[in-house]
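The values are calculated or read from the model by the stated rules, or taken from the named source; none is laboratory data. Bear in mind the structure is a predicted one, so any value in this text is a computation, not a measurement. Because the Cβ atoms are built from the backbone with ideal geometry, glycine has one as well, and the counts that use them run over all protein chains shown.
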Amino acid sequence: MWSALRSALSFSILIPDKMSMGYLGFVLLLWFPGVLHAQSETQPCPAPGLSGGYLVPEQDSYPHETTLTYACDNGLKPAVEGWWATSRCQNGNWFPTPQCIDEKACLPTILPNANYDASTKGWYDETTKIWVRCDAGYEHKDRVTTAKCTDGTWSSMPICEKSDEACGEPPKIPHAVVIHQEYQELFEADTKVQYECEDGYTAERADTKTVICISGNWTEGPTCNRRPDTGHGGATVEGTGGGHTTSAGSGTNPAGGDRRPDTGHGGATVEGTGGGHTTSAGSGTNPAGGDRRPDTGHDGYTERGTGGGQPTGGVTNCGTYPSVLNGDVVVVSGGYLKYQCSAFYKLEGPDTVICQSNGKWTEPPSCRDAFCVLDPAQITIPNMILSTIKYVKEGEDEFIPCIWDHFFIRVQCVNRRIHYTKCCHSSDHQRNVCR
């Protein structure tokens, strides 16, 4: 390597003088990259400028990886725990930086299951007050939420303990996993967790795929059963047009349709010739994801309608089923169709539609909104914690948490208008004395 370098240097002599130094530097970079890299990572550190303290050993420069010790003058203390401290030279910089601060200042502290705003200086001046926030699923013990820096120590430091309303990890369910949620040991009240059955299995009831943490307990979860053989018996679907939703979920099946999972109704046959119909208890345009429609309880679907006109003996004589926005066909029998609205919607008009002898359907019903929307971008309720849009069903109550532990606002949806109480303790809501 040295002979090659001498050749290169000899060659540089042939180059004009004003270029020789640049060329020499280029040659050194090519032949000694390892040496250059090592030098860039082992820079010495100049003596730190420590105000109000002294260094040991004290010198003008310190080699890479040198550790020095320092202490502070009376009335001051290091910006770390202890009356003396150390700092290490790392490639030209000191870590941590030696500093002397007022001995009455407070240093940051680690609080289990909690957090608070960090100081930009790295410490807190005397009389500084910090507000401690408990992590999700924890609450302030004895309702102590603040700490104050007094004579170099924190007074009445809050403690965050497990909330009685929080839940542990969701129950383990055979042949199912929790989706869209990282593992954690504790979940705050009102947390929703969704399960998904493994391939080849299906949930026994669609409304139990999601569990909710309520008062320290999880609601009932799903049971994942092996999916029945689709080639034997059960319900069948016939159709010549696309766009029918024929299973207990949202989506569109191809022309002819696939076999619907068992919905609890024996021996039902659904026929269709047009697109865009929902012919089972599937989800439509429910505002909050929708709830499963209650079981209609009809074996064989013998429900008869009472609307005008006479049935023709078969719904296929009238062609495409009438489309009802936010509504589904739940019963098909002879010349009758029965509709039901999706969750969060209310049926208006007759629920039964008849195929008349003239080949036309009687007037279908409509599905009216039956919910209120709590949108944090549009509505402001004092002291209420609301970070996402929430839907409240008509006639039902929702309890929204307040900024204080165990305090809630009761929200009601009446005639599509929002009514709410002030922030009250949960016990007051239970006694129905909060207004």
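Between residues in region 101-117 that are on the phi > 0 side of the Ramachandran plot and residues that are outside any strand (DSSP E or B) and among the hydrophobic types (A, V, I, L, M, F, W, C), which pairs lie under 9 Å by C-beta distance while being six or more apart or on different chains?
ASN113/ILE159; ASN113/LEU186
Among the strands (runs of 3 or more DSSP E) confined wholly to region 338-393, which include 2 or more residues that are touching a Ser or Thr at 6+ places or on another chain (Cβ under 6 Å) and β-branched (Val, Ile, Thr)?
Strands (runs of 3 or more DSSP E) meeting the threshold: 352-354.
Within region 395-432, track down each residue that is within 24 Å of ASP142 (Cα to Cα) and part of a loop (DSSP other than H, G, I, E, B).
Residues satisfying the conditions are ILE403, TRP404, ASP405, HIS406, LYS422, CYS423, ARG431.
So that you can scan it fast, the table gives a plain yes or no per residue for (1) small (Gly, Ala, Ser); (2) out of contact with any strand residue (DSSP E or B) (no Cβ under 9 Å at 6 or more places or on another chain); (3) surrounded by fewer than 19 Cβ atoms within 10 Å (Cβ to Cβ):
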position: CYS355; (1), (2), (3): no, no, no
position: ASN358; (1), (2), (3): no, yes, yes
position: TRP361; (1), (2), (3): no, no, no
position: CYS367; (1), (2), (3): no, no, no
position: VAL373; (1), (2), (3): no, no, yes
position: GLN378; (1), (2), (3): no, yes, yes
position: MET384; (1), (2), (3): no, no, no
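Looking only at region 102-150, which residues are assigned to a strand (DSSP E or B) and out of contact with any Ser or Thr (no Cβ under 7 Å at 6 or more places or on another chain)?
The answer is ASP102, ALA114, ASN115, TYR124, ARG133, CYS134, HIS140, THR146, THR150.
Sort out which residues of region 78-101 are assigned to a strand (DSSP E or B) and over 44 Å from the mean Cα position of the chain (by Cα), and write them in order of number.
TRP84
Here's a check for you: in region 404-425, which residue that is farther than 14 Å from ASP190 by Cα and modelled with pLDDT under 85 is farthest from the chain's Cα centre (by Cα)?
For region 404-425, the residue satisfying everything is ASN415.
Residues are listed down the side, and each one gets a yes or a no for (1) among the basic types (Lys, Arg); (2) at pLDDT 90 or above; (3) in contact with a strand residue (DSSP E or B) (Cβ under 6 Å, 6 or more places away or on another chain):
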| residue | (1), (2), (3) |
| --- | --- |
| ASN91 | no, no, no |
| LYS129 | yes, yes, yes |
| LYS148 | yes, yes, yes |
| TRP154 | no, yes, yes |
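Give me the pairs: first residue in region 151-165 and assigned to a strand (DSSP E or B), second residue of a type in the set (Lys, Arg), beta-carbon distance under 7 Å, and six or more apart or on different chains, which are they?
Short answer, once both residue conditions are applied: SER155/LYS148; GLU161/LYS141.
Which one is modelled with the lowest pLDDT among residues in region 319-337 that are outside any strand (DSSP E or B) and buried (at least 21 other Cβ atoms within 10 Å of the Cβ)?
Selected residue: GLY335.
Taking only region 173-190 into account, find how many residues are of a type outside the set (Asp, Glu), assigned to a loop (DSSP other than H, G, I, E, B) and either at pLDDT 90 or above or touching a strand residue (DSSP E or B) at 6+ places or on another chain (Cβ under 9 Å) (or both).
7
Restricting attention to region 203-232, which residues are touching a Cys at 6+ places or on another chain (Cβ under 7 Å), in a strand (DSSP E or B) and either more than 23 Å from GLU169 (Cα to Cα) or at pLDDT 85 or above (or both)?
CYS213, ASN217, TRP218, CYS224 - these are the residues of region 203-232 that are touching a Cys at 6+ places or on another chain (Cβ under 7 Å), in a strand (DSSP E or B) and either more than 23 Å from GLU169 (Cα to Cα) or at pLDDT 85 or above (or both).
Is it true that some residue in region 364-379 is β-branched (Val, Ile, Thr) and at pLDDT below 85?
The answer is yes; a qualifying residue exists.
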